[in-house]
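What follows is a short report on a single structure.
All of the numbers you see were taken from the coordinates with simple rules; none came from a lab. Worth saying up front: this structure is predicted, and the values here are computed from it rather than measured. Glycine gets a Cβ as well: all are built from the backbone with ideal geometry, and neighbour counts include every protein chain shown.
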Amino acid sequence: MIASQDNHRTAPATIGRPTSDAPEQLVVQVHDRLIKDLDVPRLHLQPKQEARRLVEATINELLAEMSPGIAGVTKQNVIREVSNEVLGFGPLQPLLDDKEVTEVMVNGPTEVFFERQGVLYLSSVRFRDSQHIRRIADRIVAPLGRRLDESSPMVDARLPDGSRVNVVLPPIAVSSPAITIRKFQSERFGMDDLIRIGSLTEPAAGFLRAAVASKVNIIISGGTGSGKTTMLNALSSFIPDSERLVTIEDPKELQLKQNHVVALEARPAGVNNTGAVTQRDLVRNALRMRPDRVIIGEVRGAEAFDMLQAMNTGHEGSITTIHANTPRDALSRVENMVMMAGFDLPTRAIREQVASALHLVVQVNRMVDGSRRVTHITEVASMEGDMVAIQDLFLFEQRAMGADQRVQGQMERTGIRPHFYDRFARFGVSEHWVDRPVQVA
């Protein structure tokens with residue numbers, strides 16, 4: 001596989017458009033006729049299989065009229081591409097249908113990238129022009145009730161299947177509309193899966209199981225695409241089924257399996273720039289819903305203040321994620337977000353709140369080979385002077401790059417006993433969980 005000049009790899013021939021592409025002009029002509037002959041909006045009200053059957057039958061009739069000599073693979077390619085234009089997301093549909101593709105990024109008509117197993121590839125997918133991208137973007141956004149025009153050139157939303165989509169229009173996106181789709185993974189990774197693929201070790205997983213069962217407040221820190229939500233989902237499997245959970249997200253991504261879960265989702269402003277419901281609004285409301293734990297998908301702003309209040313006022317065992325590169329950076333970001341809440345609090349008072357509310361930072365990173373690993377499990381210990389003291393309990397040490405260009409290393413215990421170890425006994429948790437294989441109830 002050959003890397004391009006921008007360090008992105010060229011996609012395998014099996015990804016993107018087929019090697020025997022349909023005649024582009026014919027696809028355009030058939031598509032234009034189909035739009036005139038069929039009531040496309042009504043098609044979307046029918047069952048998917050029935051709508052596709054009707055569209056393919058009509059395309060066959062049009063091909064018999066417009067290009068009677070077409071046959072074989074070329075004909076099938078035309079039928080598939082026109083059907084995707086009408087019922088799906090056009091040229092992107094093959095990438096979205098591929099279960100191994102986790103993210104799709106459209107930078108321009110000839111620049112469509114996708115991620116597979118943590119590595120970016122340049123796809124062979126092509127759009128005809130920028131207007132073609134805009135039409136697909138409109139089709140993505142329209143069913144979601146969101147505006148996409150000059151007054152609202154950026155949209156961040158969730159597709160019906162749970163996938164996240166972001167669209168940016170010119171002139172904000174300088175040369176072409178840009179689309180980014182992070183696909184929803186219907187098969188949730190459990191802690192045993194993360195151990196199997198090497199994201200963390202058995203002792204580390206056992207320790208996290210004990211921490212969750214002991215209602216330790218946890219922040220999962222990491223960069224974009226590092227696996228923060230996957231780790232949160234895995235940790236949630238250790239929460240007892242008897243507890244009432246309230247989740248707060250923007251947009252919804254968590255897949256909690258407990259019986260007693262109330263899921264809340266933030267809402268953007270409507271057409272008249274009214275009706276917005278922020279994550280901070282939801283955190284405040286969640287505290288009135290008698291939760292045993294509050295799970296925030298990702299803390300991004302002023303809601304950090306209310307989150308700390310919740311953790312400090314009886315809602316122990318709460319978990320959230322944050323964008324940060326190290327555990328220390330994660331605490332600094334929480335501090336900055338509390339300042340965004342508009343309270344005139346001295347820095348030391350904020351840090352005391354952080355040190356009192358948080359117990360553990362789990363740092364996940366995406367390595368150079370595309371793998372996701374837990375690199376730190378760090379205790380938020382106490383205040384030392386004007387600083388929040390932290391100490392690493394588990395550390396991943398990268399030793400080398402293997403011949404297969406995979407990161408080699410091992411997560412090891414540092415031997416430090418955390419200050420909250422007394423919680424294990426209080427909640428009836430065995431210290432030996434740290435050294436035993438993890439079993440998810």
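Of the residues 319, 218, 79, which exhibits the maximal mean-square fluctuation in a Gaussian network model of the chain defined by a 10 Å Cα contact cut-off? Answer for the Gaussian network model of the chain: 79.
Return the subset of 99/252; 48/228; 183/228 for which the Cα-Cα distance in this structure is over 23 Å, preserving the input order. Cα-Cα > 23 Å for 48/228; rest within. DSSP finds beta bridges in the chain, and of those with both partners inside it, around 70 percent are antiparallel. Debye calculation, C-alpha points only, no solvent: report log10 I(q)/I(0) for the chain at q = 0.14 Å⁻¹, in the same order as the q values. Reported log10 I(q)/I(0), two decimals: -1.31.
Judged by the gyration tensor of its Cα atoms, with axes a ≥ b ≥ c, the stretch 172-307 is oblate; a/c meets the 1.5 cut and b/c is at least as large as a/b. Ordering 230, 102 from the fewest to the most neighbouring beta carbons within 10 Å gives 102, 230.
Counting only alpha carbon atoms, the long axis of helix 48-66 and the longest principal axis of the chain meet at about 30°.
With neighbours defined as other Cβ atoms within 10 Å of a residue's Cβ, the residues 85, 335, 397 order from fewest to most as 397, 335, 85.
Placing unit charges on the Cβ atoms only, positive for Lys and Arg and negative for Asp and Glu, gives the stretch 214-359 a dipole magnitude near 80 debye about its Cα centre.
In a Gaussian network model over the chain where Cα atoms closer than 10 Å are linked, find which of 379, 111, 61 has the largest mean-square fluctuation. For the chain, modelled as a Gaussian network with Cα springs under 10 Å, the answer is 61.
A Gaussian network model of the chain, with springs between Cα atoms under 10 Å, assigns the largest mean-square fluctuation among 326, 414, 278 to 414. Rounded to the nearest 5, what % of the DSSP beta bridges within the stretch 191-435 are antiparallel ones? Of the beta bridges lying entirely in the stretch 191-435, close to 50 percent run antiparallel. Taking the empirical scaling 2.2 N^0.38 Å for compact globular proteins as reference, the stretch 9-182 has a Cα radius of gyration ratio of 1.04.
So for 419, 376, fewest C-beta neighbours within 10 Å to most, what's the order?
419, 376
Note on the chain: dipole from Cβ charges, positive end direction compared against 117, 205, 246; the farthest Cα belongs to 246. Axis angle, to the nearest 10 degrees, between helix 72-87 and the longest C-alpha principal axis of the chain: 60 degrees. Rounded, prolate or oblate: which one fits the stretch 119-166, using the alpha carbon gyration tensor with axes a ≥ b ≥ c (rounded when a/c is under 1.5, else prolate when a/b beats b/c, else oblate)? In terms of gyration-tensor shape, oblate.
Once you order the gyration tensor axes a ≥ b ≥ c over the Cα atoms, which shape class does the stretch 191-435 get: rounded for a/c under 1.5, otherwise prolate or oblate by comparing a/b with b/c? Because its axes are fairly even, with a/c under 1.5, the stretch 191-435 counts as rounded.
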